[in-house]
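Heads up: the structure comes next, in structure tokens.
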Amino acid sequence: MNFGVHLWDQYENLSQYTDKGIIFLEDIIKFLRGRIKIEIEYAKELKKLVKSHISTNKKKEDSYYTFTHATAFITYIKEISDVAGQHDQIAEELSKYEKDMNNSINTYKTERKRLFNRALKEQADLRNQIAKHDKARKLYEKSAKEEEKARERYIEMENDDLKTKAEVYNAKGIATSKQQICESYKTDYAAELKKTNDMQRTHYSIVMPDIYNHIQNMEEGRIEEVKNRLISFMEVEKKVVPILQRCIDGMEACCKTINAEKDIQTVIDLYRSGYTPNGDIEFVEYGTSTPNTTKKKNKLKAASFIRYRFSERALRRLSLVAPPHQNDKKDDPFFTNLPPLQQKKKINEKIVNFQKTLLKLNQERSGLEKMLEVAEKGVGVEGSSTPKSHMGLSQDRMNEELDKNRQNIENIQSEIEKYENFLRNIGHSKEETKSPNLNNHTPSSVKTTSLPPPPKEEITPTHSISNNDSDMFEEFEEDYSDSNHIEDCSLGRATAKYAFEGQNEGSLAIRDGEKLQIIEADTGDGWTRVKNDSGEDGFVPTLYIEYD
């Protein structure tokens, strides 16, 4: 099967068909460009979505991403980001074929133009030859008719007795001349006829079949080009399928990591305070007694009432404002704004970080000591007292670095010891403290802290007090109006372990190492009332002092 045999007379149809073939290739390129654009935009928008979603959610609350369902979701959308990356890869690989296809189209256009121009030329040459043949034939035909007329006239005049010999002779000469001219045209016609037949035979049997066969080869190449390009596009898709499958497997795996029980336990570990619920409020006995006994009981009752009201007030203040150090973590190295268990957790994390830093410093020290040892051996071999450099550092510089390293190690060890001691104190004083937030007046949304704001010295209850309570409070004010009463109520002495700014109302600022008198012991709310040497008294965190 070939065009030259079966389509020898279908020049126009072949021309239209091959032109549509070029247009078809251009349509494929348009499709390719559109596909590349879509892949790039899809990957871009998908990555943008993933990035913004991760950053937006992590900005809200990083601690939430310790839960398995949250980390699984982050992993899931990261896999989506990898999927987007594969779409970028598809676009990049497909873009490589665009230029090649443009070159192929230009080649096909050039080849098609050359072949069809050649066919047009051959057809034009054949038409010109046929025109020459037709012209020679017409001349021969006209000459033959004129020769026949001249011959008939000569015969007619020769048979006419009325014609003179001169007229007959003249007619004979014309007939002879016409005959010669006719023979000449006949010869020309015969030559043109032979030439035309030869050219036409060659045209349809050799020249045009050869051109059409070249066109056929060009078309076969173009069709193979389409096939190969589509296979290449498929290979690009096929190449990313395993990676996409791995992304899907990753999505499936991260979904299986979601564990509700583990997340519930994480919530408990994250928010458990370590407090124990408050005990029952003791019954206050009101009745007649001896004056001395009554006064003594009233004092004890008033103290109990004060403590109870202090606790309520501290809780109400806790529900409205946060301690000053809660907003300034730099001034709260011991995380005193956290409940006991959370505080221990944070301090343990800090100790672990210090230990990692200490390990790194020890490794640096080991390296510096080895470098110094090598440098000293080099000095001994050369017999020179001049410090030699090693690895770009002189011995003096290495000694300086070692000194800095030792100092840093000592500082880190001191910090570790400080936090470990503090951790032990927490274990003794805070593990079983009463919860300061189990009160009907405290909103459930308020977070519990291990260091509630201290109570005010002047009591201003925010809710109604019974008549008996008011009488007791008035009696307490009368009995304790003497300024020397604080001196009489001293429960011992203590030393401040840490400085406390005392920014809250009712608190007392203390210095590290300051000697204090215990006025009122901690009853579980995390505060102890003390008096300094200047006579000022107020509440301080129990953890910040140490009993003498």
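The values are calculated or read from the model by the stated rules, or taken from the named source; none is laboratory data. These figures come from a predicted structure and were not determined experimentally. Using ideal geometry, Cβ is built from the backbone for each residue, glycine included, and neighbour counts are taken over all protein chains shown.
Annotations
- Top-ranked residue in the stretch 367-387 [being among the hydrophobic types (A, V, I, L, M, F, W, C) and at pLDDT 50 or above; ranked as surrounded by the most Cβ atoms within 10 Å (Cβ to Cβ)]: A375
- Residue within the stretch 109-120 that is out of contact with any Leu (no Cβ under 8 Å at 6 or more places or on another chain), in the same structural domain as C254 (by TED's automatic domain parsing) and not in a helix (DSSP H, G or I) present: no
- If you filter the stretch 528-548 down to residues that are closer than 24 Å to S273 by Cα and not β-branched (V, I, T), you find that the one that is modelled with the lowest pLDDT is L543.
- Pairs with Cβ under 9 Å, 6+ apart, first in the stretch 148-176 and in the same structural domain as K186 (by TED's automatic domain parsing), second surrounded by 14 or more Cβ atoms within 10 Å (Cβ to Cβ) and of a type in the set (F, W, Y): V168/Y154; A171/Y154; K172/Y154; G173/Y154; I174/Y154; A175/Y154; T176/Y154
- Every test in (1) aliphatic (A, V, I, L, M); (2) surrounded by 11 or more Cβ atoms within 10 Å (Cβ to Cβ); (3) farther than 19 Å from V226 by Cα is passed by I29 save one, and that test is (3).
- In the stretch 490-527, the residues that are in a strand (DSSP E or B), of a type in the set (V, I, T) and either over 24 Å from T276 (Cβ atoms) or out of contact with any strand residue (DSSP E or B) (no Cβ under 6 Å at 6 or more places or on another chain) (or both): T495, I510, I519
- Total residues in the stretch 515-536, condition over 28 Å from D280 (Cα atoms) and either surrounded by 17 or more Cβ atoms within 10 Å (Cβ to Cβ) or under 52 Å from the mean Cα position of the chain (by Cα) (or both): 4
- Checking K172 against (1) within 30 Å of T202 (Cβ to Cβ); (2) surrounded by 14 or more Cβ atoms within 10 Å (Cβ to Cβ), the condition it does not meet: (1)
- Hey, E224 charged (D, E, K, R), farther than 30 Å from V5 by Cα and loosely packed, with under 13 Cβ neighbours inside 10 Å or not: no
- Residue in the stretch 156-186 that is farthest from S143 (Cα to Cα), counting only those that are hydroxyl-bearing (S, T, Y) and touching a helix residue (DSSP H, G or I) at 6+ places or on another chain (Cβ under 9 Å): T176
- Residue count for the stretch 125-163, restricted to those that are in a loop (DSSP other than H, G, I, E, B) and polar (S, T, N, Q): 1
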